[in-house]
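Right, I'll just put the structure down here and ask away after.
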Amino acid sequence: MLFRSTDATNYSQNTTATTTADITAKSLAVTITASNKVYNASDAASVTYADNRIAGDSFTVSGTATFNDKTAANGKTVTAAGITLTGTDAANYSPNSSTTTTANITKRVLTVTGTFTVTNRAYDATTDATAQVTLPGTAGLSAVQGSDDTTLTGTPVFTFAQATVGNGIAISTSGYSDRKSTRLNSSHLGISYA
């Protein structure tokens, strides 16, 4: 410091001065990107965290991520709650405690257990294949998740993909339901034929 005035020569000043002030934690905007998943009877979600930290700062963001419920649907709300920071520069930031986004839970394909035996038949101008398929002695469902109440019921109908002569023609099925009367078709069931 330097004084410049008429009377400056009458004084001897200090050359430095100190005081105090605060550096407050930077507000950290934490966001998430959620992964879609196949139904697994759980509302747990997998997310990737992003934030607006200063380049070069080092810390880890964590929290607990969940879907709003476990049921299969598109555009479901995913919430990451209890967001915390750990690491070298964590104390320099104040994050939001929760954040949301959306993701999908897709339906799980159920597999009918047991082997369905198929016989060939002569052309009859129809696509009906029901008489050609022998059902397993006890058909069940695999890939049922957790304690979900899903039992295979109903009388299946089998259909050739075409009515004309051909080899290795695909066969689809309908008529099965689960215990809650949800109709199951070939898009829900992985059926193996012998």
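The values are calculated or read from the model by the stated rules, or taken from the named source; none is laboratory data. Given the structure is predicted, the values throughout are model-derived calculations rather than measurements. Because the Cβ atoms are built from the backbone with ideal geometry, glycine has one as well, and the counts that use them run over all protein chains shown. All accessible areas refer to the heavy atoms of the entire protein, side chains included, with ligands and DNA or RNA removed. Shrake-Rupley method; radii C 1.70, N 1.55, O 1.52, S 1.80 Å.
Please enumerate the residues belonging to region 159-194 that are at pLDDT below 90, surrounded by 14 or more Cβ atoms within 10 Å (Cβ to Cβ) and hydrophobic (A, V, I, L, M, F, W, C).
Residues satisfying the conditions are 171, 184, 189, 191.
Residue 53 fails exactly one of the following numbered conditions: (1) modelled with pLDDT of 95 or more; (2) within 11 Å of the chain's Cα centre (by Cα). What is the number of that condition?
The one condition residue 53 does not meet is (2).
Still on this structure: For residue 48, work out the one condition from (1) open to solvent by 40 Å² or more (accessible area, probe 1.4 Å); (2) under 30 Å from residue 166 (Cβ atoms) it doesn't fulfil.
(2)
Listed here are the residues, each with its yes/no results for (1) exposed (fewer than 13 other Cβ atoms within 10 Å of the Cβ); (2) in contact with a Ser or Thr (Cβ under 6 Å, 6 or more places away or on another chain); (3) of a type in the set (A, V, I, L, M).
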| position | (1), (2), (3) |
| --- | --- |
| 83 | no, yes, yes |
| 87 | yes, yes, no |
| 90 | no, no, yes |
| 93 | no, no, no |
| 99 | no, yes, no |
| 105 | no, no, yes |
| 108 | no, no, no |
| 112 | no, no, yes |
| 119 | yes, no, no |
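For region 12-23, does any single residue satisfy the condition of being free of Cβ contacts under 8 Å to residues at least 60 places away in the same chain and under 30 Å from residue 143 (Cα atoms)?
Checking region 12-23: not a single residue is free of Cβ contacts under 8 Å to residues at least 60 places away in the same chain and under 30 Å from residue 143 (Cα atoms).
What pairs come up if the first residue lies in region 107-130 and is at positive phi, the second is part of a loop (DSSP other than H, G, I, E, B) and surrounded by 12 or more Cβ atoms within 10 Å (Cβ to Cβ), and their beta carbons are under 6 Å apart, counting only those six or more places apart or on different chains?
Close Cβ pairs satisfying both conditions: 114/136; 114/139; 125/163.
Another question, then. Failed condition for residue 42, given (1) polar (S, T, N, Q); (2) surrounded by fewer than 15 Cβ atoms within 10 Å (Cβ to Cβ); (3) modelled with pLDDT of 95 or more, with all others met?
Tallying (1) polar (S, T, N, Q); (2) surrounded by fewer than 15 Cβ atoms within 10 Å (Cβ to Cβ); (3) modelled with pLDDT of 95 or more, residue 42 fails exactly one: (3).
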